[in-house]
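The values are calculated or read from the model by the stated rules, or taken from the named source; none is laboratory data. A quick note: this is a predicted structure, and the numbers were derived from the prediction, not measured. Quick reminder, even Gly has a Cβ in these numbers, built from the backbone with ideal geometry, and neighbours come from all protein chains shown. Note: areas computed on protein heavy atoms with side chains; ligands, DNA, RNA excluded. Shrake-Rupley method; radii C 1.70, N 1.55, O 1.52, S 1.80 Å.
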Amino acid sequence: MNKMDLRSRLFLSHLVVMFVGIVSFVVISKISSPRFFVLHLEKLQHEGFDLLDVRTDLVDGFEIAWSRSTLWSVLAGTSAAVGLSYWVSRRIVQQLTEMEKITQRFATGQLDSRLPLSEIPELNRLGASFNRMAASLEGVEVRRRELIGDMTHELRTPLTVVRGYLEELADGGIESSPEVYLSLIKETKRLERLVNDLQELSKAEAGYLPINIQPVNLLPLFKSLVHKFADQLLEDGPVLQLECPSILPLVMADIDRTEQILVNLLGNAVRYTITGTITLRAWAQASQLHIAVIDTGIGIASYDIPYVFERFWRADKSRDRHSGGTGIGLAISKRLVELQGGLIEVESERGFGSIFRFCLPLA
Ligand code: ADP
């Protein structure tokens, strides 16, 4: 079935309303006006006017006058109404067509396209909510592009190293030896870690990570983590200690995600601390449980602190690449803390150590 467009519909509905109005006006006045006129004449006759000779002329004259003036008023009214309804329907439809064009432009990739304001409140609200959606999609797209840019950059280095080794081996430039294979294994492990971290990060950033928040006691987790990490420390390395009250209040948190955050923070502390102490401290304050990982390691320079939670950021790119750091751990930790309604901060001084602190709401 051929569907009528909105403009024709609006125009036609105006015409129908107008037509019904005119027809009822003409019919009712055609039936009632002569009667009223005749009644008026009879009243005049009762009052003593002699209208007998002119009565028929008067009635005919009235009817002619009525028909003419009705014809002119119908013509003038119809043209005014047709013009006005054409203008109104055109104005509404024009704005809708403009909106359609802009949304199509947005769909083809022009993400900065926005709908203009309209003086029709409903269209204005529709435009405002489209603009909000467009801004958030534009943000997602920008983050996606940045992530892909950073990711390709990070993946390229180990891939180049692996290809270099393999080409040298193929050309006979280097002898195959256990060391060469160990280097290859190290680079591929790094690639594997990078891919795993990226998967976690993209899930956390897109909000796809299932977060199961419930009242939990974190003390057993703290104890087991300290035990696990203490086992990894060398004899002459730093000492790992737990400082927290023997009874901890319950917090609203996802225990697995909290463990992931602490593994990242403790792992970094172990990696960047040669001697001294690493302390896992927890205390309750102002309806929050504060958790801090404090180390006496190499610290972070004050000008680097603002970038610490950015993905792929490493204070010393080449050294950390060598030590296996991907620069993603803290970006994931930050997102995981935020997903649980908390905040993460860092305080650090180059050469003296760092404090990574986050809080979780008490249950
Ligand atoms: P990485 O896998 O490289 O450790 P992170 O996101 O966990 O990635 O850390 C980013 C960078 O922040 C590290 O490369 C390091 O330069 C710095 N950093 C993190 N934790 C510490 C710390 N406890 N002491 C000193 N520097 C740190």
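Brief remarks on what is shown
- The count of lysine pairs in the chain with alpha-carbon distances below 30 Å, taking only pairs 8 or more places apart or on different chains, stands at 19.
- Per residue, the convex hull spanned by the alpha carbons of the stretch 1-86 comes to 99 Å³.
- Sum of -39500 (n - 2.57) over DSSP H runs of 4+, divided by residues of the chain (222 nm, nearest 500): -22000 deg cm²/dmol
- For the stretch 30-104 versus the stretch 137-155, the gap between their alpha-carbon centres in whole angstrom: 69
- Fraction of accessible area attributable to carbon and sulfur, the chain (%, probe 1.4 Å): 60
- Taking packing as the residue-averaged number of other Cβ atoms within 10 angstrom, the listed peptides 193-205, 14-26 run from highest to lowest as 193-205, 14-26.
- Hydrodynamic radius by Kirkwood, which averages 1/r over all alpha carbon pairs of the stretch 111-233, in angstrom: 20.1
- Ratio of the Cα radius of gyration of the chain to 2.2 N^0.38 Å, where N counts its residues: 1.98
- Cα-based Rg and Dmax for the stretch 197-284, where Dmax is the largest Cα-Cα distance (Å): 14.7, 42
- Across the stretch 195-242, the convex hull enclosing all Cα atoms gives 120 Å³ per residue.
- Chymotrypsin sites (Phe, Trp or Tyr not before Pro) within the stretch 266-355: DSSP coil, no more than 13 neighbouring Cβ in 10 Å: 303, 352
- Summing charges over neighbours of residue 111, with a neighbour being any other residue whose Cβ is under 12 Å away from its Cβ, gives +1 when K and R count +1 and D and E count -1.
- Computed on the stretch 242-363, the Cα convex hull volume stands at 101 Å³ per residue.
- Computed with a 1.4 Å probe on the full set of protein chains, the accessible area for residue 144 sits at about 120 Å².
- Cα-based Kirkwood hydrodynamic radius, the stretch 164-217, one decimal, Å: 14.4
- Under the span-like rule (Cα at least 30 Å along the axis, Kyte-Doolittle mean at least -1.0), DSSP H helices of the chain: 6-46, 55-107, 121-171, 178-206
- Per residue, the chain exposes 62 Å² of solvent-accessible protein surface, assessed with a 1.4 angstrom probe and all protein chains in place.
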